[in-house]
Amino acid sequence: MIKLREKITFSKNENKMRSVGDTKVALNIYGSKKSKNLHYLLKERFHWMNNFIDDNDIGIEVGSGIGFSKDYIKNKNFKTTDLSSDEHLDVKNIDAQSTNFKDESMDYVIASNMVHHIPYPIKFFKEMNRILKKNGKLIIFEPYCSVLLQTATILMRHEGFDFSVQPWDNKLPKSDENDVWDGNIAVSNLIFDDKKAFNENLGLYFKIEYEKLTECLIFLNSGGVTSKTFHIPMNNFFLNILNRIDKILVKLFPNIFCLGRRIVLKKNSF
């Protein structure tokens, strides 16, 4: 992994994307603009997950935020959850590190852009293992902390990254415990790039069933997921061209251009 800096953090008042932490504002932005650019991006982020979900499966999304997933996940038993008590959520006040759901009650759990917000990822993975049925799936989308994403983070002063943290301990938080919107976008790289360390720490609980690096220009030209940013409106024809360019850039130069990672963890049956 190419690192522009080992660690960089920002205070709340430095963040140029402040509306991200306000779900009411974000819901209004999402509902009012829902441009083709944004719809295309979100479809790319969520539709692939349906390949790992059967019609009769029972599952949830943890850290749902404003609940984009409801528009793209086709499973009839799917429920959104979050730590907040926002009205649009199916199940409220759910801490992904300690959900209080019954043992082996879920066929799948979706975690989209939320693992890097969790103070203690090891607690999260153990909790997901507890609530998933045997061979259940933890379906994840996370940022990929490439040079381009590090640069965007520095420019927007949003979330920040810290490659120096130890992702596997449960003593020091990887993000601010008192701010659920705080994040460390280096966490997913620290967890998933080193497969030996992953197997040593999580091999008892999960195996990696699927992994794919994705996204570049379709994210940068989305207009912002939960905040308004400059973008060039496009129809599906040109968005498909951007997506093809993304696939080439990500395949050839992932450490420079890649902005996202898809990953599916399957609960071990032994």
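Before moving on, here are some points about what is shown:
- Top-ranked residue in the stretch 1-23 [being part of a helix (DSSP H, G or I) and at pLDDT 70 or above; ranked as surrounded by the fewest Cβ atoms within 10 Å (Cβ to Cβ)]: 13
- The sole residue among 27, 38 that is modelled with pLDDT under 95, within 22 Å of residue 216 (Cβ to Cβ) and not in a loop (DSSP other than H, G, I, E, B) is 38.
- Selection within the stretch 214-239: residues that are in a helix (DSSP H, G or I) and under 27 Å from residue 65 (Cα atoms). The member of this set that is nearest to the chain's Cα centre (by Cα) is 219.
- When the stretch 195-244 is limited to residues that are touching a Leu at 6+ places or on another chain (Cβ under 9 Å) and among the charged types (D, E, K, R), the one that is nearest to residue 167 (Cα to Cα) turns out to be 207.
- Of all residues in the stretch 173-208, those satisfying the criterion of being under 19 Å from residue 145 (Cβ atoms) and either acidic (Asp, Glu) or in contact with an Asp or Glu (Cβ under 7 Å, 6 or more places away or on another chain) (or both) are 175, 176, 182, 183, 184, 185, 186, 188, 193, 194.
- Every residue from the stretch 53-101 that is of a type in the set (A, V, I, L, M, F, W, C), assigned to a loop (DSSP other than H, G, I, E, B), modelled with pLDDT of 95 or more and closer than 19 Å to residue 182 by Cβ: 94, 96
- Complete set of residues in the stretch 140-165 that are surrounded by 23 or more Cβ atoms within 10 Å (Cβ to Cβ) and among the hydroxyl-bearing types (Ser, Thr, Tyr): 144, 146
- Of everything in the stretch 236-249 that is in contact (Cβ under 8 Å) with a residue 12 or more places away in the chain and farther than 19 Å from residue 47 by Cα, the residue that is surrounded by the fewest Cβ atoms within 10 Å (Cβ to Cβ) is 245.
The values are calculated or read from the model by the stated rules, or taken from the named source; none is laboratory data. Given the structure is predicted, the values throughout are model-derived calculations rather than measurements. With ideal geometry, Cβ positions are generated from the backbone for all residues, glycine too; neighbour counts draw on all protein chains shown.
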